[in-house]
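These notes are about the structure you will find just below.
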């Protein structure tokens with residue numbers, strides 16, 4: 001059994017990463033801090049931020065929108081979340097969000113169980129919110145899609161599974177993980 005003690009993180013602290021040129025994440029707690037129970041990430045979505053629709057098969061996400069507004073895809077419906085909103089995305093749900101406004105949106109993202117914060121660390125480029133050039137490629141980190149795929153490989157493949165990288169009909173890179181004949185995970189990059 002893992003022993004966990006009280007942790008405290010002062011305001012403005014945490015490990016910060018640019019995930020793309022308009023999505024900034026600061027990891028506030030990790031699975032190491034919580035015995036693997038959860039991770040907490042502060043997310044700033046600049047205008048035009050829009051991760052692609054995707055599904056997580058092994059984790060739930062809860063967003064507490066502190067500032068701004070996000071258009072959220074939840075399966076086959078969309079809704080607009082405004083500051084003060086909380087929305088829960090259970091594992092297995094096709095989802096995405098988009099900042100269609102001209103102002104940044106800021107949210108706390110609760111990830112259950114912990115683990116996905118490792119993907120943020122590998123995909124992202126260390127930085128600050130005032131960084132003028134946020135693109136991972138601009139910081140010498142290589143292609144963002146390759147970094148994300150490599151990170152997914154290390155963090156989500158169950159033992160004995162195989163990885164398939166393919167392009168969908170629109171040309172987007174997809175990473176699919178198979179255990180035997182069953183597809184366990186698919187992430188469109």
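Okay, residues lined up against (1) exposed (fewer than 14 other Cβ atoms within 10 Å of the Cβ); (2) touching a strand residue (DSSP E or B) at 6+ places or on another chain (Cβ under 7 Å); (3) farther than 16 Å from residue 51 by Cα; (4) at pLDDT below 90:
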position	(1), (2), (3), (4)
78	yes, yes, no, no
90	yes, yes, yes, no
93	no, yes, no, no
109	no, yes, no, no
150	no, no, yes, yes
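Suppose the filter is part of a helix (DSSP H, G or I) and surrounded by fewer than 18 Cβ atoms within 10 Å (Cβ to Cβ); does residue 32 pass it? Full working, then the answer.
Details: part of a helix (DSSP H, G or I): yes; surrounded by fewer than 18 Cβ atoms within 10 Å (Cβ to Cβ): yes.
Spelling it out, residue 32 is indeed part of a helix (DSSP H, G or I) and surrounded by fewer than 18 Cβ atoms within 10 Å (Cβ to Cβ).
Residues to consider are 101, 26; find the one that is surrounded by 14 or more Cβ atoms within 10 Å (Cβ to Cβ) and not in a strand (DSSP E or B).
On the way: 26 fails: not in a strand (DSSP E or B).
Of the residues listed, the single one that is surrounded by 14 or more Cβ atoms within 10 Å (Cβ to Cβ) and not in a strand (DSSP E or B) is 101.
Of the residues 127, 142, which is modelled with pLDDT under 85 and either under 20 Å from residue 65 (Cα atoms) or out of contact with any strand residue (DSSP E or B) (no Cβ under 7 Å at 6 or more places or on another chain) (or both)?
Numbers: 127 fails: either under 20 Å from residue 65 (Cα atoms) or out of contact with any strand residue (DSSP E or B) (no Cβ under 7 Å at 6 or more places or on another chain) (or both).
Sole residue among the options that is modelled with pLDDT under 85 and either under 20 Å from residue 65 (Cα atoms) or out of contact with any strand residue (DSSP E or B) (no Cβ under 7 Å at 6 or more places or on another chain) (or both): 142.
Could you list, in sequence order, the residues of the stretch 1-23 that are at pLDDT 85 or above and either within 16 Å of residue 117 (Cα to Cα) or part of a strand (DSSP E or B) (or both)?
13, 14, 15, 16, 17, 18, 19, 23
The values are calculated or read from the model by the stated rules, or taken from the named source; none is laboratory data. On a predicted model such as this, the values are computed, not experimentally measured, just so you know. Virtual Cβ from ideal backbone geometry, glycine too; neighbours counted across all protein chains shown.
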